[in-house]
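Here is the structure we will look at.
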Amino acid sequence: MQPPLLKQHGGKRERAWQGHPFFSGGFRPFFLFASLFGIFAIALWLLELMGYDAINTRLAPVEWHKHEMLFGYTSAVIAGFLFTAVPNWTGRLPVVGYRLMAIFALWLAGRAAMLLGESVPYAVTATIEAAFLPVLGAVIAREIISGQNWRNIKVLVPVLGLGLTNIWFHIDVATGGTGAAPVRMGFTAILILLMLIGGRIVPSFTRNWLARQEPGKMPVPFNRFDAGVIAGSAVALLLWVVLEQPFLGPLFAILGILHIVRLWRWAGLRTLSNPLLLVLHIFYAFIPTGFLTLAVGMWFDLPQVNVAALHVFGIGAVGGMTIAVMVRASLGHTGRTLASSGILNLAMAMVGISMALRVTGAIWPEYDWAITGSALAWIVAFGLFAFKVGPWLLVPRAKRG
């Protein structure tokens, strides 16, 4: 493998990575391995549910499952997205080559550490695993601050918050807890990040496409209404982390309605002929759906509905938005046309089916087939993504004729 080559052009330094194309952009290793790990983690969880001793770690299987989907899978997608988006935001060179390899290796080490058993002290496991998100936050902070891109500094708050929450999870588990409050805090950080980034890319991509279509309704730009909805959501979710009381039900119901209004302002109905755009609107809709589901569960003290709400958030909003963003970013940054295909449409549809089945299994636990079906649908979704997109991530960017 050849070393990175630094060239001077017009007084500006340009980094041209001469090694394998897999490390020429952060989206390549992180998106591919996020999908592969998503398959692996859910397959292990399904085997555990079927009675096999598949998850033999220091954590209880359910704790491992929650942790690895929140802090393992999701953190990889966040890293891939930020390493791709931040250079566009700041005008700075992307993180590539050996630096990217080192950060990616740290994520891989965390996943391996979480599979270690009793023979390794949990302090060692936790230290290795918890290092990734603070390092990611520090690298992204350096890029944003060096580029004086103050507009996007707010993205760092949920990323660093997720890193601190991960540390909290390990401390809680190591001292005899179940990690329940840190898991809720993890959802909070990720949902706020989706509200911020989704609130930027969904209306922006929609506006860019609609500008080339027939005149009609256009997405409303980010304004005080959006800021207020996000701020109110952050407060409500933080209260949920520490209180989890029935009186929060009406508050979540109001926020769910406000997020529906926010989504309606983005002119999603005009994207029906563009699946790649439409899915962004659909999967973002699972944020207000999750709020409304949580409102019902808390207001009427229905624990099974609260569990359903977590899977609306986790599979529908997080899983859906991440696969939709990975598909779009991979198409664009590997030189493909920004148009979906039958395989990719099916992959994204399977995430929605996975969510619907898991919610069914949460509300009616006697339908254990629904939980199995949900896991299988998730595996199919990310298997299709890896099959279709994976080869693009391993080769140089396509040259358009």
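What the table below lists for this structure:
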| item | result |
| --- | --- |
| Which listed residue, of Val173, Val183, Val202, is over 22 Å from Gly228 (Cα atoms), surrounded by 15 or more Cβ atoms within 10 Å (Cβ to Cβ), among the aliphatic types (A, V, I, L, M) and not assigned by TED's automatic domain parsing to the domain that holds Glu63 | Val183 |
| Residue, nearest to the chain's Cα centre (by Cα), within the range 134-147, restricted to residues that are free of Cβ contacts under 8 Å to residues at least 24 places away in the same chain and loosely packed, with under 15 Cβ neighbours inside 10 Å | Ala138 |
| Subset of the range 136-187 (residues that are under 27 Å from Pro61 (Cα atoms), part of a helix (DSSP H, G or I) and among the β-branched types (Val, Ile, Thr)) | Val159, Thr165, Ile167, Ile171, Val173, Val183 |
| Complete set of residues in the range 317-342 that are among the small types (Gly, Ala, Ser) and over 11 Å from the mean Cα position of the chain (by Cα) | Ala329, Ser330, Gly332, Gly335, Ala339, Ser340, Ser341, Gly342 |
| Extreme residue, surrounded by the most Cβ atoms within 10 Å (Cβ to Cβ), among residues of the range 294-312 that are in contact with a Phe, Trp or Tyr (Cβ under 9 Å, 6 or more places away or on another chain), under 21 Å from Ile353 (Cα atoms) and in contact (Cβ under 8 Å) with a residue 24 or more places away in the chain | Leu294 |
| Residue ranges of helices (runs of 4 or more DSSP H) in the range 33-133 with at least 1 members under 22 Å from Trp17 (Cα atoms), within 21 Å of the chain's Cα centre (by Cα) and of a type in the set (Ser, Thr, Tyr) | 74-90 |
| Within the range 332-343, considering residues that are closer than 17 Å to Leu32 by Cα and touching a residue at least 60 places away in the same chain (Cβ under 8 Å), the one surrounded by the most Cβ atoms within 10 Å (Cβ to Cβ) | Thr334 |
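The values are calculated or read from the model by the stated rules, or taken from the named source; none is laboratory data. The structure displayed is predicted, hence computed values, not measured ones. Positions of Cβ are backbone-derived with ideal geometry, glycine not excepted, and every protein chain shown enters the neighbour counts.
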